1. Which of the residues spanning the range 144-169 are closer than 21 Å to residue 118 by Cβ and of a type in the set (D, E, K, R)?
2. Assess whether residue 95 counts as being within 16 Å of the ligand (Cβ to nearest atom), over 21 Å from residue 28 (Cα atoms) and touching a residue at least 12 places away in the same chain (Cβ under 8 Å).
3. Say we look at the range 122-131 and pick out the residues that are under 21 Å from the mean Cα position of the chain (by Cα), outside any strand (DSSP E or B) and not aliphatic (A, V, I, L, M); which of these is farthest from the ligand (Cβ to nearest atom)?
4. Would you call residue 63 surrounded by 15 or more Cβ atoms within 10 Å (Cβ to Cβ), basic (Lys, Arg) and in contact (Cβ under 8 Å) with a residue 12 or more places away in the chain?
5. Taking the condition of being of a type in the set (A, V, I, L, M, F, W, C) and exposed (fewer than 10 other Cβ atoms within 10 Å of the Cβ), how many residues in the range 15-36 meet it?
6. Would it be correct to say that residue 78 is under 29 Å from residue 27 (Cβ atoms), assigned by TED's automatic domain parsing to the domain that holds residue 35 and surrounded by 15 or more Cβ atoms within 10 Å (Cβ to Cβ)?
7. Within the range 140-157, how many residues turn out to be over 23 Å from the mean Cα position of the chain (by Cα) and within 10 Å of the ligand (Cβ to nearest atom)?
8. In contact with a His (Cβ under 8 Å, 6 or more places away or on another chain) and at positive phi: which single residue out of 90, 100, 29, 75 fits that description?
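The values are calculated or read from the model by the stated rules, or taken from the named source; none is laboratory data. Note that the coordinates shown come from a computational prediction; the quantities given were computed from them, not determined experimentally. Because the Cβ atoms are built from the backbone with ideal geometry, glycine has one as well, and the counts that use them run over all protein chains shown.
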Amino acid sequence: MPNPTQEDVEWAYLLWNSLADHGKWVLPGVGVYEKTDGRELTLTEIHFSKPSTDEFGNSVFDRHHWVMILADNIGWTINEDVVLARDDDGVLNIPNELVGHVSVCKQQCGAIFRVEEPNPNEVYEMIGDDLKCPCCGEEGSVDERLRGVHVIVDDRAWRVINDRAEEEE
Ligand SMILES: [Zn+2]
């Protein structure tokens, strides 16, 4: 994302100052910021859109970062206290009791699935009823507890294994 322009800065200044206490500012493609103090906004909701990066390759994280730069310019603080995350299909399902759960694909394809609290710099994928692994595509390969849960798919090992297999061909 390009750095905020003078115009962006003035716009933010006027907009944020006009927010009432606990007023909400909805930024498309990022989420909801709530005014939690005189010069403080808190990101309380993340809205992931699909695809998770837009045509310029900007992710939710890039746009949130852009807001932080903007805030810095006018002496505001941005906090994060995400209580809700959703994508185009609805609210992300991340059960509290599963946060911290880590598992791997049963096919040993290299995929790792992590359950983490919603966070703007990650991309979440939902595990379907068929427990299909998002990397190797084999059904029934994901831990049953993750059925319908949004997880972070760590595919780094899977990519290494795949590249190696391609080289050997
Ligand atoms: Zn797999």
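1. Within the range 144-169, the first condition is being closer than 21 Å to residue 118 by Cβ, and the residues that meet it are 145-155.
Answer for the range 144-169, where residues must be closer than 21 Å to residue 118 by Cβ and of a type in the set (D, E, K, R): 145, 147, 154, 155.
2. Working: within 16 Å of the ligand (Cβ to nearest atom): no; over 21 Å from residue 28 (Cα atoms): yes; touching a residue at least 12 places away in the same chain (Cβ under 8 Å): yes.
No.
3. The initial filter retains those residues of the range 122-131 that are under 21 Å from the mean Cα position of the chain (by Cα), namely 122-128.
This time we only want the ones that are outside any strand (DSSP E or B), so: 122-124, 127-128.
Retained after the next criterion (residues that are not aliphatic (A, V, I, L, M)): 122, 124, 128.
Values: 122: 19, 124: 17, 128: 13 Å.
Only one residue tops the list, namely 122.
4. Details: surrounded by 15 or more Cβ atoms within 10 Å (Cβ to Cβ): yes; basic (Lys, Arg): yes; in contact (Cβ under 8 Å) with a residue 12 or more places away in the chain: yes.
Here the answer is yes, as residue 63 does meet what is asked.
5. As a first pass, look at the range 15-36 and keep what is of a type in the set (A, V, I, L, M, F, W, C): 15-16, 19-20, 25-27, 30, 32.
From what's left, exposed (fewer than 10 other Cβ atoms within 10 Å of the Cβ): 20.
Final tally of qualifying residues: 1.
6. Details: under 29 Å from residue 27 (Cβ atoms): yes; assigned by TED's automatic domain parsing to the domain that holds residue 35: yes; surrounded by 15 or more Cβ atoms within 10 Å (Cβ to Cβ): yes.
Yes.
7. 1
8. Numbers: 90 fails: in contact with a His (Cβ under 8 Å, 6 or more places away or on another chain); 100 fails: in contact with a His (Cβ under 8 Å, 6 or more places away or on another chain); 75 fails: in contact with a His (Cβ under 8 Å, 6 or more places away or on another chain).
Of the residues listed, the single one that is in contact with a His (Cβ under 8 Å, 6 or more places away or on another chain) and at positive phi is 29.
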